[in-house]
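K.L.:
Sending over a structure as structure tokens; questions will come in a sec.
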Amino acid sequence: MKNNRYDSRRFWDRRSRVYDAQVFPEYKGTYKKTVKRSVHFLSKEDRILEIGCGTGNATIPLAAYVKEITAIDTSREMLDKAKEKAEKKGKTNIQFLKTDLMDLEEKAGSYDAVAAYNVLLYMKNQDEVLKKIHSLLKPGGIFISATDCLARNFSPAAVGKFWKSKLGLMPYISFETPIGLMRRIQKHGFLVLEIVNLHQNPPNIFIVAQKVQKK
């Protein structure tokens, strides 16, 4: 079974061609809720990092509320779609980079906030990712995530994703409960400030957590 990072990038390159048409109609309201809740924890002076920005459905509206966004993704075609949207909207404070988070060369404490919208569930190395996010944040910095927690509700769609992942037809999928995800985030030096469900099925769990300095 092939399910490595190279295949994952190819998968998302292909998905970019139909992603907005297939996903955005159902999740349009969820994206709006995600941005609306996120901006409560951001300021106009913030420099933020968005992991797995995809086609920019959250990136572009968020740009109006912060000083600068560094938006990264491993899919070149996803990034191209996002760049095109940003140019049409006249957003000049977004820097798009094709890179994996673990390959990002930034000093510790570089960002006021890190956002990861609908990407954590595709990361097999969640613990390493959370450690990296913690290191990239300034003291007291904010980590904002929105993640489908498929173990809360074993819907036909969730079961379908499980088998597609197992068969190598799509990237790795994590099956977590909201509480399990929250505890994982807490374990890596974060204080959870907010946790709320933004979508009925599958449950899309929005979590805001603050970096706690390790003693």
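K.L.:
Going by what's in this entry, would Thr55 be described as of a type in the set (Val, Ile, Thr), free of Cβ contacts under 8 Å to residues at least 60 places away in the same chain and surrounded by fewer than 19 Cβ atoms within 10 Å (Cβ to Cβ)? Steps first, please.
P.N.:
Details: of a type in the set (Val, Ile, Thr): yes; free of Cβ contacts under 8 Å to residues at least 60 places away in the same chain: yes; surrounded by fewer than 19 Cβ atoms within 10 Å (Cβ to Cβ): no.
It is false that Thr55 is of a type in the set (Val, Ile, Thr), free of Cβ contacts under 8 Å to residues at least 60 places away in the same chain and surrounded by fewer than 19 Cβ atoms within 10 Å (Cβ to Cβ).
K.L.:
Search the range 180-194 for residues being part of a helix (DSSP H, G or I) and among the hydrophobic types (A, V, I, L, M, F, W, C), and hand back the single one that is most open to solvent (accessible area, probe 1.4 Å).
P.N.:
It comes out as Met182.
K.L.:
Considering each residue of the range 36-65, count those that are in contact with a strand residue (DSSP E or B) (Cβ under 7 Å, 6 or more places away or on another chain) and assigned to a helix (DSSP H, G or I), and give that number.
P.N.:
6
K.L.:
If a residue must be touching a residue at least 40 places away in the same chain (Cβ under 8 Å), surrounded by 13 or more Cβ atoms within 10 Å (Cβ to Cβ) and among the charged types (D, E, K, R), how many such residues does the range 107-130 contain?
P.N.:
Qualifying residue count, the range 107-130: 2.
K.L.:
Being of a type in the set (Lys, Arg), out of contact with any Leu (no Cβ under 8 Å at 6 or more places or on another chain) and under 12 Å from Thr59 (Cβ atoms) is true for just one of Lys88, Lys83. Which residue is that?
P.N.:
Values: Lys88 fails: under 12 Å from Thr59 (Cβ atoms).
Sole residue among the options that is of a type in the set (Lys, Arg), out of contact with any Leu (no Cβ under 8 Å at 6 or more places or on another chain) and under 12 Å from Thr59 (Cβ atoms): Lys83.
K.L.:
Any residue at all in the range 140-154 that's at pLDDT 80 or above, surrounded by fewer than 20 Cβ atoms within 10 Å (Cβ to Cβ) and within 30 Å of Ala108 (Cα to Cα)?
P.N.:
Yes, because at least one residue in the range 140-154 is at pLDDT 80 or above, surrounded by fewer than 20 Cβ atoms within 10 Å (Cβ to Cβ) and within 30 Å of Ala108 (Cα to Cα).
K.L.:
Here's a follow-up. How many residues are closer than 17 Å to Ile195 by Cβ, in a loop (DSSP other than H, G, I, E, B) and over 16 Å from the mean Cα position of the chain (by Cα) if we restrict to the range 148-179?
P.N.:
The qualifying residues number 2.
K.L.:
Could you check the range 156-174 and list, in sequence order, the residues that are of a type outside the set (A, V, I, L, M) and open to solvent by 10 Å² or more (accessible area, probe 1.4 Å)?
P.N.:
Pro156, Gly160, Lys161, Phe162, Trp163, Lys164, Ser165, Lys166, Gly168, Tyr172
K.L.:
When both residues are 6+ apart or on different chains and their Cβ atoms are under 6 Å apart, which pairs have a first residue that lies in the range 91-104 and is part of a loop (DSSP other than H, G, I, E, B), and a second that is of a type in the set (Asp, Glu)?
P.N.:
Close Cβ pairs satisfying both conditions: Asn93/Glu68.
K.L.:
I've got another one for you. Consider Leu121 against the criteria (1) under 15 Å from Ile207 (Cα atoms); (2) touching a Cys at 6+ places or on another chain (Cβ under 7 Å): it satisfies all of them except one. Which criterion is unmet?
P.N.:
Every condition holds for Leu121 apart from (2).
K.L.:
Going by the structure shown, is Thr177 open to solvent by less than 10 Å² (accessible area, probe 1.4 Å) and polar (S, T, N, Q)? Explain how you work it out, then say what you get.
P.N.:
Details: open to solvent by less than 10 Å² (accessible area, probe 1.4 Å): no; polar (S, T, N, Q): yes.
Here the answer is no, as Thr177 does not meet what is asked.
K.L.:
Would you point out the residue of the range 131-170, among those that are free of Cβ contacts under 8 Å to residues at least 12 places away in the same chain and among the aliphatic types (A, V, I, L, M), that is nearest to Ile185 (Cα to Cα)?
P.N.:
Result: Val159.
The values are calculated or read from the model by the stated rules, or taken from the named source; none is laboratory data. All values derive from a computational prediction rather than experimental measurement. Glycine gets a Cβ as well: all are built from the backbone with ideal geometry, and neighbour counts include every protein chain shown. To get the accessible areas, we keep the full protein, side chains included, count just its heavy atoms, and leave off ligands, DNA and RNA. Shrake-Rupley method; radii C 1.70, N 1.55, O 1.52, S 1.80 Å.
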